[in-house]
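Structure record follows, encoded as structure tokens.
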Amino acid sequence: MENDPVSAFVVLVILPVLVGVAAEALFREPRRASLAAVIATAVVTCLAVLILDRGDSWSWIAGLMVLPLSIALAVAATLVCDGRLHMPPRHANRHSH
């Protein structure tokens with residue numbers, strides 16, 4: 001992944017989103033899908049960092065350091081697919097004048 005922003009983008013953004021979508025498609029229940037997305041994203045991200053790093057400039061610790069971003073994207077993708085991120089309409093406060 002040395003000086004390759006495309007590989008970093010794929011590992012940090014695209015791959016976690018795909019894992020989240022796949023987890024939602026597989027489990028169809030938000031709690032289980034989110035848990036599966038977290039576990040799978042952690043494994044996939046660390047493995048991708050190790051596999052794509054030919055020059056030994058990254059280590060598995062670097063993979064752990066970027067996990068919060070990857071996990072957040074995977075869980076967000078799971079919730080978007082489930083429809084949980086849709087905010088309900090706000091009701092007008094009757095007491096405010």
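If R0 equals 30 Å, the separation of the Cβ atoms of Ala8 and Leu35 corresponds to a calculated FRET efficiency of about 0.70. What the phi angles of segment 11-16 give under the Karplus curve with 6.51, -1.76 and 1.60, with θ = phi - 60°, is a coupling list of 5, 8, 10, 5, 4, x Hz, glycine and proline written as x.
None of the figures in this text is laboratory data; all of them are computed from the coordinates on show. Not measured: the values here are computed from a predicted model. Quick reminder, even Gly has a Cβ in these numbers, built from the backbone with ideal geometry, and neighbours come from all protein chains shown.
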